[in-house]
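Peer 1: The structure follows.
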Amino acid sequence: MGQKCSYGEQVGMAHATVLVMSASTDYGRAYVSDIVRARLPQPARRLARRAAALTEKAQQKAFDAFFGVSTRGTDITTADSLFVTGGDSTAYGGCQWVSVRSALSKLSPTDRETFVDIGAGKGKAVLIAARLGYRRALGIELDAGLAEQGQQNIDRARPRLKAKAEVLNVDALTWSIPEDVSVIFMLCPFLGETFHQVAAAIIDAYDKAPRPLHIVYAKPWEHDWLLSTGRVAVIGVQPRFWPTQPGWWRSQNVTVTYRVMPKDASPAEAKRLHGRRYRNQQAFERWSKPNGQAFDFKP
């Protein structure tokens, strides 16, 4: 029988794959793979895309196998009218564990902080965060069926977790944000007015209890609107998927990290925070300001 790998070893192997395929995991350096793949003939590009898809599937399987859970799939389990065409909410799609773990790790979580995933679905981001040093990892999920699956996954994985974790079946519009929350993760759970109200609640929670508070927003559909509030500063941008695609920062498949700012924050203070953890200048230049990026409902 083969020896089982720990979660950390699996993360290491995944990053090793990234190193081979992209030549560098340093966000501050040029992506050599972007240059190489841009010069490849079409058949080679198709092969590269297929290899990337297989790698993504392998990562998902490795994650679920390690925790003994099921987080894959893209679905909705309720007939609630919020989920029909024209509603604000989007379908569930699990996040990618390598990129989410990377984004959260760069915020240096501590055992005095709470992580929250709004639109937690089956609890994948909660599971990732519960291994990183937070005191608590919470998932907020409106869909009762998904929330139940998420909590079942948490219960199955509990021996592997380092933090208290749970998925709550509540409406993000009525849920009160605890004062110890330091990171709020969202994988495009909703759009429009629902997002605007939730973002306003996040900013209000900061104003009531000022502290370092970050929004980690994958597939940031409301990026332009969020910047228009004047209450957030972009401090990081990274690819939403590994392996990366050439010019990934020109697509919707990014994860942007924002720092919530005081009402009276000076432009100099915002500029000081900009990109201090991530130094891919092409990505940062595009996402540190409104950019009119087009989005679609593909996972």
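Peer 1: Restricting to segment 132-162, name every residue that is among the charged types (D, E, K, R), surrounded by fewer than 23 Cβ atoms within 10 Å (Cβ to Cβ) and closer than 21 Å to L173 by Cβ.
Peer 2: As a first pass, look at segment 132-162 and keep what is among the charged types (D, E, K, R): 135-136, 141, 143, 148, 155-156, 158, 160, 162.
Still in the list and also surrounded by fewer than 23 Cβ atoms within 10 Å (Cβ to Cβ): 135-136, 148, 155-156, 158, 160, 162.
Answer for segment 132-162, where residues must be among the charged types (D, E, K, R), surrounded by fewer than 23 Cβ atoms within 10 Å (Cβ to Cβ) and closer than 21 Å to L173 by Cβ: just E148.
Peer 1: Would you confirm, using the coordinates I've provided, whether G192 is of a type outside the set (A, V, I, L, M, F, W, C) and either under 14 Å from the mean Cα position of the chain (by Cα) or surrounded by fewer than 22 Cβ atoms within 10 Å (Cβ to Cβ) (or both)?
Peer 2: Details: of a type outside the set (A, V, I, L, M, F, W, C): yes; either under 14 Å from the mean Cα position of the chain (by Cα) or surrounded by fewer than 22 Cβ atoms within 10 Å (Cβ to Cβ) (or both): yes.
Considered against the rule, which asks whether it is of a type outside the set (A, V, I, L, M, F, W, C) and either under 14 Å from the mean Cα position of the chain (by Cα) or surrounded by fewer than 22 Cβ atoms within 10 Å (Cβ to Cβ) (or both), G192 comes out as yes.
Peer 1: Helices (runs of 4 or more DSSP H) wholly in segment 189-299 with at least 1 residues that are at pLDDT below 90 - which ones?
Peer 2: 267-273, 281-287
Peer 1: Evaluate segment 172-179: report whether one residue or more is out of contact with any Lys or Arg (no Cβ under 8 Å at 6 or more places or on another chain) and either under 25 Å from A65 (Cβ atoms) or buried (at least 21 other Cβ atoms within 10 Å of the Cβ) (or both).
Peer 2: Yes, the conditions are met somewhere in segment 172-179.
Peer 1: If T194 meets every condition in (1) in contact (Cβ under 8 Å) with a residue 40 or more places away in the chain; (2) closer than 30 Å to A65 by Cα; (3) of a type in the set (S, T, N, Q) apart from one, which number is that one?
Peer 2: (2)
Peer 1: For the structure I just gave you, tell me whether W242 is among the aromatic types (F, W, Y) and surrounded by 21 or more Cβ atoms within 10 Å (Cβ to Cβ).
Peer 2: Numbers: among the aromatic types (F, W, Y): yes; surrounded by 21 or more Cβ atoms within 10 Å (Cβ to Cβ): yes.
It is true that W242 is among the aromatic types (F, W, Y) and surrounded by 21 or more Cβ atoms within 10 Å (Cβ to Cβ).
The values are calculated or read from the model by the stated rules, or taken from the named source; none is laboratory data. Quick caveat, the model's predicted, so the values are computed rather than measured. With ideal geometry, Cβ positions are generated from the backbone for all residues, glycine too; neighbour counts draw on all protein chains shown.
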